[in-house]
Structure formats: structure tokens, C-alpha cells
Amino acid sequence: MPVPIQLYCCAVLSVFQAQVTYVVQSRPSRPSVWLLATILSVLGSWVQAGEESVDRSAAIKLLQQASFGPSPDSIAAVMSKGIEDWVDEQLVLPQKYSQLQRTIQLALMEDPSRNWFETSSFNSQAIPRVRDFQQSAWWEQALTAKDQLRQRVAFALSQLVVVSINEPPLQVRAEALAAYNDLLLKYAFGNYRDLLSAVTYSPAMGIYLSYQGNRKSNPKTETSPDENYARELMQLFTIGLYNLNLDGSIKTDKQGNPIPVYTQTDVMELARVLTGWDLRGNKHYGGRNQRQILVVEPLEFTKKFHDFGSKILLGEPIEANLTGKADIERALDILFAHPNVGPFVSKHLIQRLVSSNPSPEYIGRVSTVFNDNGKGIRGDMAAMVRAILLDSEARDQTSEAMKLKEPVLALSAVLRMLDVQPAEPWESIHGGQMHDVIWFRDLGIGQNAYRSPSVFNFYSADYQPSEAGFVERQWVAPEAEILDVEALVAFSNILRHILLRNDKQSLAIRGEKYARNINKQRRRHHVNLLVDTGPWLKRLELALENDSNGDFLRLNSDNVARRRALDAVLDQLELPMLGKTMPEPARTRLIEYLMVPQKPKNPRLEALQIIEDSIRLLAAMPEYWTQN
């Protein structure tokens, strides 16, 4: 269900205004602070006025939903192939790369002198910085992989069947998270039933939700099986808390109360099913010696600790004396057959890809495809993803705003727009020669993949901003929960860092000495990659002087030509960044600022400054943080 963009802007506008207040107080002399404050003031009045938004590009709209952001190549591909054909092509692209293998490659590259396979398994020494290799491998594929739709769906699934590094020993065995992401990539277009099995036997999940080493009840010690995974498998991964209609609405009893879908007894029975499973090769059942465990191979069964008795789950029998695996598979069959699974999973994926507030009809249409793909198959993920993206509600070109961008997607979008590439080679702190690498450490932007604070994800799917429009309409904006001042200031600083130190044009224009110093510092940077603002510099000069010799001589001497060039650059930037044209008052203020020379004695640096400021300030607009 499309939400008026003014309302979504309200949800983030107050945060941006708080960000400006913070920056003004701490750095009052920066001219860009005045501009940002002025633009936000204008946007505040625009939000209240409720002006009509103009049409957006269908290609960019699709790529906001189905990728990590529109890139020049992907925009051209969608426009050439058409929306349906592009989606169908993406659905059959194979999973080409393993993030686990890339994580291992980066470790070997970064510290070649270390014996990373001291035992038969990788990282048995439990080196904490493997988390950096895992994070870099994740970003590398998210930003550059050809199978963008698979990558984006896997990211959405990682926020449904959640595991996180914030559980010992995953903090020092982050290769388990890389293997888990490979699992989600593998089943992103498979069957949800198969995904449930793979997740259940995953060592990362076994550790994170503490059923690794689960034991049957012991009356003598008055202990019972751990219920953590049993509860979340039902509540968060399959059926939710209450009985649902096909359209995702909650069923109620005669008194209007929601009808619970499971009981505590169901949790206890499922916990009994999940006994006897431990990390492969563990010397002490249930132990978590971070140096002795195998964290990338499926859990193994030890019958001594399994409860072989009969169970009842959701009213369905599970007979006694099944094998450990048969016990689990029977329980998963019961859960998967429940009518809640279709609307529960469908709504989650719609919210992560397309709309925070999908209509009941939209959820119902996608749930119908989940229940039967047209060939009698239930749980077909590819069919469900296709139904989500090609639905009339997703493709509605008149919609204004469907959801907010989360920080990871806001950053990936601007990097892909700038044609992100691996960084120039650099030497690591351990003497390794890093080449053909996109490097990321954890960023303070409020979100990093596989770093959620709990199994309930980075934010609640039901989070509702306090603005009256959301409350009155009962709309939600989940991502707004993590868009705080600290995260947005960090985002702005990281983008500035990237444009100064990782832009090919910045390194060339600022000179060889500057580029050499930057390269020496790369070993300490949180982000190492290359972007290219060249197309916008060329557009600026072509409009300025009708040539492309790189001198920009008229930039500081001819205001008419400068204004013409600024209009040309903003025309080229605003659609891929905002998905629409910006409000005219905000554009006017932006032009006013950009008309004032910042580097009056150096036209080339002045041109670069214009492009950098334009990108950063567009990315600071509330509109940038809405997905159409």
C-alpha cells in the first residue's frame, strides 16, 4: 500500500534535523551545514504542504526493490529486457560464488604467514578479525554480484531466520556466518521447506539459538530441553503468534481477541524433538570450546541425548522411536503445512523488498502463490518472489513511497550508482598484499549484515513512528526504528570518506602524493574500494564548456555557464538517487549553495567539490531514504 511520501519524510525529518543541530553545534563553520539546515527547513514546509510527486523510472523502481541499488549497467539491462524478463533471468542465474570460500581467501591474503588450517578446519585458532573477512566477503557480493535478486532475497531472509555474530563463539568464528549466508543464497529460490531443514541443521543457528548440545529431560537433575529454537522456529520463522487469514490479517474469537496459534506445550514438545544435536566432532557434547568446534558443517546427531518418546505438535502426532533426523523432519512437515506459513513469510518478504504496508489483497495474492505455484507445489520461493515483484501493487508507477531504506541499502545504493570496484592494491598490517578486494569492517551506521542485536532483527516489523499520520492510519515504518542521529551522522561521514579517499577522480585530481598517502593508510581504513564520479564530472564540463578536456576554466568565471552545468548534473543525479525529481524549493537552495565557489583558484578541484557536495547532500535528503 503506497504511503504519501510526505508522511515517510516526516518519519526521518526530525532525525535529520537533530543531526543538523548536532553538526551545527560541533562544526558551525562548515558551509555545507548551512545548506543542509536550509534544505531541511524547506523540506519541512514541503512535507506539510503535500505537493504531488512526479513520475519515477520503472527500471529504478524495480532495482530499488530487487537489488542492492540501481547501477548504470543494471538500469540499462532492465530498460533493454523489460521488467518481467529481467526478473525471470535473475531467477535462473546460478549461485556462482561462496562467501565462505571468499572469507578464507581474504584471510590467507591478509595474513599469509599464519597457518589458518592449523587443524583440519579453518580458523581453529578462533581469530577475531575473521569477522572483517566475513563482512568484506558479504559486501563484495552484495555490491558486485550479477545475481542481484538472489543476493537481495538472501539479505531479506537473513532478517527472518536470524543469526548474529553477537553470540559466543560466533564472535571469533565468523566463518560460520559466511557459511550460513551461503545457505540462504542456495535456498533463496528453492523451497521454503528445504530452507527450514537446512537452517535447523546449521551450526550457526544451533549456536545462536542454543539448541546445539540440547539434551532430553533428566528427572534426577530436574532439567529439560532448551526451548529457545523451538519457540523462535514457530514464532519468528514459520507461523507467528496468532492464527492468520490468507491475507495476513489476524483471526479473532467471538470476543474479538486474537487466537494464539501455538501453546507453551507445543514449545516444550518441539524442544523434545530438537534434542541430541551437536557440533560435528565436538569432544564434549554441548561444549563450546571455540578452538575445538567445527562451525561450517551441519550438526551431527548423538542418540544418547535424544528424547525418542512420542510427541504432539500443533495437535499432530509424532510417533515414538523415530531417528533423530526423522523426528525433526516430521516436526518441520507439521509446521510447514500450517496455513499461517504462506501469509507469514509472504508479508515479511514484501516488507523487506517492496512495501512496509502492503494491502491485504497484495499479501493474499502472494500467499496464494506460496501455497500453490500453479503446479501443485507449496513453498516455491522463486514463484513467490516473482509474484511479489510483478504484482500490480509493486509495479504501481503512481505510488509515492512504499518503505524507508535501511542503512545497508542506503549505502549500497549510492556505491552501486558510483560503479563500485575493488580498491587499488595495498599492504595489510600483517604484510599481506591485498588485491582485487572490496574491504569493509563493521560500520557505525546502525546496521551491519549478521550483526543484529537479537533474533528479533535490527528493528521490529511492527514499529510505528510517533507522527500522527502513522498512528491514525495504523501504518508502520520498521526501518525508522534504527534511523537515529548517531547512525545518520556516521553514514554521512562514511560517504564523505569514500568520496575523498576512494573516488578515482578525487585521487587523480588531488595528485599523486595525495593518492600515495591514502594508499599507505588503507590498512587502517574501515572501507577500501573504488568509486567513479567521472560520468558526472563529464556531464558538468560538457554543459559548462561543451568539451571534455578536464580544465573546467569557465566554472569560476561564468555564472550563467555554471548554473547551466549545475542543472545538468542535478538532472543526471536526482533520478538514480531519489527515484524522482526533488522538490523545487530544495533544488533552488541546493543550486544557491553550489553557485558559491569553494575552490576559486583551482577549477578542477572546484568541479570535484561540486560533484561530491551534490552526492552527499542529495543522500542527506529525507527523500533519499524513501523507497518508491
- Working from Cα positions, state the angle (0 to 90°, nearest 10) between the long axis of helix 99-110 and the longest principal axis of the chain. 60 degrees
- Tally Lys and Arg at +1 and Asp and Glu at -1 over the other residues with C-beta under 9 Å from the C-beta of Thr533: what net charge comes out? -2
- Note on the structure: Lys and Arg at +1, Asp and Glu at -1: neighbours of Glu479 with Cβ under 13 Å from its Cβ sum to -1
- Query: Got a sec to turn the phi values of segment 480-486 into Karplus ³J(HN,Hα) couplings, 6.51 cos²θ - 1.76 cosθ + 1.60 with θ = phi - 60°, whole Hz, x for Gly and Pro?
  - Reply: 4, 5, 10, 8, 9, 4, 4
- Query: What is the extension gain from Ser113 to Asn289, computed as 0.36 nm multiplied by their sequence separation minus the C-alpha to C-alpha distance, in nm to one decimal?
  - Reply: 60.9 nm
- Task: Straight distance only, please: which aspartates and glutamates reach the Cα of Lys96 with their own Cα at less than 16 Å, same-chain residues fewer than 8 apart left out?
- Result: Glu140, Asp147, Asp182
- Message: Quick check: residue separation of Ser392 and Glu427 times 0.36 nm, minus the Cα distance between them. What number comes out in nm?
- Response: 7.5 nm
- Query: Counting only protein chains, not ligands or nucleic acids, how are Asp278, Asp419 ordered by accessible area (probe 1.4 Å), most first?
  - Reply: Asp419, Asp278
- Query: Counting only residues 5 or more places away or on other chains, whose amide H sits under 5 Å from the amide H of Ala401 once H atoms are built in the peptide plane?
  - Reply: Val3, Ile5
- Carbon and sulfur together cover what percent of the accessible area of segment 531-602 at a 1.4 Å probe radius? 51 percent
- Item | With Cα atoms, 0 to 90° folded angle of helix 534-545 axis to the chain main axis | 20 degrees
- Under a Cβ-Cβ cut-off of 13 Å, what is the net charge of the residues other than His497 that fall near it, where Lys and Arg count +1 and Asp and Glu count -1? +4
- Note on the structure: The set of residues whose placed amide H lies less than 5 Å from the amide H of Asn191, leaving out same-chain residues fewer than 5 positions away, is Met381
- Please list 443-454, 132-143, 404-415 highest first by mean number of surrounding beta-carbon atoms within 10 Å per residue. 132-143, 404-415, 443-454
- Task: Arrange the peptides 567-580, 545-558 so that the one whose residues have, on average, the most other Cβ atoms within 10 Å appears first.
- Result: 567-580, 545-558
- Query: Quick one: helix 175-187 against the long Cα principal axis of the chain, what's the angle to the nearest 10°, folded into 0 to 90?
  - Reply: 90 degrees
- Message: What is the ratio of the Cα radius of gyration of the chain to 2.2 N^0.38 Å, with N the residue count, to two decimals?
- Response: 1.02
- Message: Using a Förster radius of 56 Å, what is the FRET efficiency between Thr221 and Gln474 based on their Cβ-Cβ separation? Nearest 0.05, please.
- Response: 0.70
- Which lysines have a Cα less than 19 Å from the Cα of Lys61, not counting those fewer than 8 places away in the same chain? Lys81, Lys146, Lys403, Lys405, Lys580
- Could you check how much of the accessible area of segment 361-409 is carbon and sulfur, as a whole percent, using a 1.4 Å probe? 54 percent
- Relative contact order, percent, the chain [alpha-carbon distance under 8 Å, six or more residues apart]: 19 percent
- Task: Over the chain, average the accessible area per residue using a 1.4 Å probe and give it in Å², no decimals.
- Result: 39 Å²
- Query: What are the residues whose amide H is under 5 Å from the amide H of Leu313, where those residues sit 5 or more places off or on another chain and H is modelled from the backbone?
  - Reply: Ile318
- Going highest first, how would you order 462-473, 251-262, 602-613, 524-535 by mean Cβ packing within 10 Å? 602-613, 524-535, 462-473, 251-262
- Query: Could you name the lysines in cross-link range of Lys216, using Cα to Cα under 21 Å and dropping any fewer than eight places away on the same chain?
  - Reply: Lys283, Lys303, Lys304, Lys311, Lys325
- Note on the structure: Pseudo-spin-label distance Glu512 to Asn245, built 7 Å along Cα→Cβ, given in nm, is 7.2 nm
- Task: Over segment 126-186, with every protein chain in place, what whole percent of the accessible area is carbon and sulfur at 1.4 Å, could you tell me?
- Result: 50 percent
- Item | For segment 321-390 and segment 585-628, distance of Cα centres in Å | 44 Å
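The values are calculated or read from the model by the stated rules, or taken from the named source; none is laboratory data. All figures in this text were calculated on a predicted structure; none of them were measured in a lab. Positions of Cβ are generated from backbone atoms using ideal geometry, with glycine treated the same way; all protein chains shown enter the neighbour counts. For the accessible areas, the whole protein counts, side chains as well, though only heavy atoms, and no ligand, DNA or RNA atoms are used. Shrake-Rupley method; radii C 1.70, N 1.55, O 1.52, S 1.80 Å.
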